[in-house]
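First up is the structure itself, then whatever we jot down about it.
FYI, it's all coordinate maths here, none of it is from the lab. If you're wondering where the values come from, they're calculated on a predicted model, not measured in any experiment. Methodologically, a virtual Cβ is constructed for each residue, glycine included, from the backbone with ideal geometry; neighbour enumeration extends over all protein chains shown.
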Amino acid sequence: MNIRNIMIMQIELGLHKRQGKAITNFKEKLPSSQSDLAHYTLKDPYIFDFLSIGKDAHEREVEKGLVGHMEKFLLELGEGFAFVGRQFHLDVGDEDFYIDLLFYHLKLRCFIVIELKDNKFKPEYAGKMNFYLSAVDNLLKHSTDQPSIGLILCKSKNNVLAEYTLRDMTKPIGLAEYRITENLPENIKTALPTIEELEAELSKISDEEK
């Protein structure tokens, strides 16, 4: 996919209205040199409208679909994400644990653990993510890597509940919603550009490519 098509897709999906909107505790849990970039890297919501599954799909169906459309998934995640594995195995205390999706971010220089939930956010999800991040930092993180980051993707969330939950977590965690239907939220619909605005953006790209 060339830069023109990527630009069109990002404009249509209201990227500027979603970028940096995830609820996080990065400011308190990450070095200042990393926290701002990490916060801006995450979005809310994530749009997975390229998946050919229903809105009531279970998390394993969503996970399988995302891996099957990895190029589009990486484009939605944003620049810098490198896929490491699905259902990534961790051996902790002779017990088996599996991370839904594991990535490494080339700009942030850290692992990013993504957990998918097919329902509304619950506080216990953050506790489990905190555990996964501790394990990844101990088992996978190199001395030159930055602290690993967690991203919990849920179908919906209560923002106040999410903020309270993340406040006293020891690891850097972000929380966002995801959409798998073509019906975008109203705040994103209103952010869509007019034909004239879209043509102006494409004109700028054409000038830059000359």
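Given Cβ point charges of +1 (Lys, Arg) and -1 (Asp, Glu) and nothing else, what value in debye, to the nearest 20, does the dipole of the stretch 8-144 about its Cα centre take?
Dipole of the stretch 8-144, to the nearest 20 debye: 520 debye.
Can you run the Rg to Rh ratio on the stretch 63-131? Use alpha carbon positions and the Kirkwood inverse-distance Rh.
We get a ratio of 0.98 for the stretch 63-131.
Sketch the reach of a paramagnetic label on residue 134 as a point 7 Å from Cα along Cα-to-Cβ, and name the residues of the stretch 59-103 whose backbone nitrogen lies under 17 Å away.
90-99
Per residue of the stretch 155-164, what does 6.51 cos²θ - 1.76 cosθ + 1.60 with θ = phi - 60° give for ³J(HN,Hα)? Whole Hz please, x for Gly and Pro, Karplus curve as stated.
In residue order, the calculated couplings are 6, 7, 7, 9, 4, 5, 4, 5, 5, 5 Hz.
Tell me, what HN-Hα J-couplings in whole Hz come from the Karplus equation 6.51 cos²θ - 1.76 cosθ + 1.60 at θ = phi - 60° for each residue of the stretch 22-28, using x for Gly and Pro?
5, 7, 9, 10, 4, 4, 8
So for the pair residue 107, residue 36, with labels modelled 7 Å out along Cα→Cβ, what separation do we get in nm?
Here the modelled spin labels are 1.3 nm apart.
If contacts are Cα pairs under 8 angstrom and at least 6 residues apart, what is the relative contact order of the stretch 57-115 in percent?
In percent, rounded to a whole number, it is 25.
Over 17 Å apart: what share of the alpha carbon pairs of the stretch 44-186 falls there, rounded to a whole percent?
Of the Cα pairs, 60 percent sit more than 17 Å apart.
Under the definition of Cα pairs under 8 Å and six or more residues apart, what whole-number percent is the relative contact order of the stretch 30-156?
Once divided by the residue count of the stretch 30-156, the mean separation gives 20 percent.
If I take R0 = 25 Å and measure r between the Cβ atoms of residue 82 and residue 158 in this structure, what FRET efficiency does the formula 1/(1 + (r/R0)^6) give, to the nearest 0.05?
Plugging the Cβ-Cβ distance into 1/(1 + (r/R0)^6) gives 0.20.
Can you run phi through the Karplus equation (6.51, -1.76, 1.60; θ = phi - 60°) for the stretch 39-44 and list ³J(HN,Hα) in whole Hz, with x for Gly and Pro?
Result, rounded to whole Hz: 5, 5, 5, 8, 10, 7.
Please report the relative contact order for the stretch 112-166, taking Cα pairs under 8 Å with a sequence separation of at least 6, and give it as a percent rounded to a whole number.
Computed value for the stretch 112-166: 57 percent relative contact order.
Can you list residues whose amide H is under 5 Å from residue 57's amide H, if they're 5+ apart or on another chain and H is modeled 1.01 Å from N?
Distant-sequence amide H within range of residue 57: zero hits.
Give the peptides 76-83, 35-42 in descending order of average Cβ contacts within 10 Å, highest first.
35-42, 76-83
Mind checking which of 134, 156, 119 is farthest towards the positive end of the stretch 84-168's charge dipole, using Cβ charges of +1 (Lys, Arg) and -1 (Asp, Glu) about the Cα centre?
My answer, from the dipole projection, is 156.
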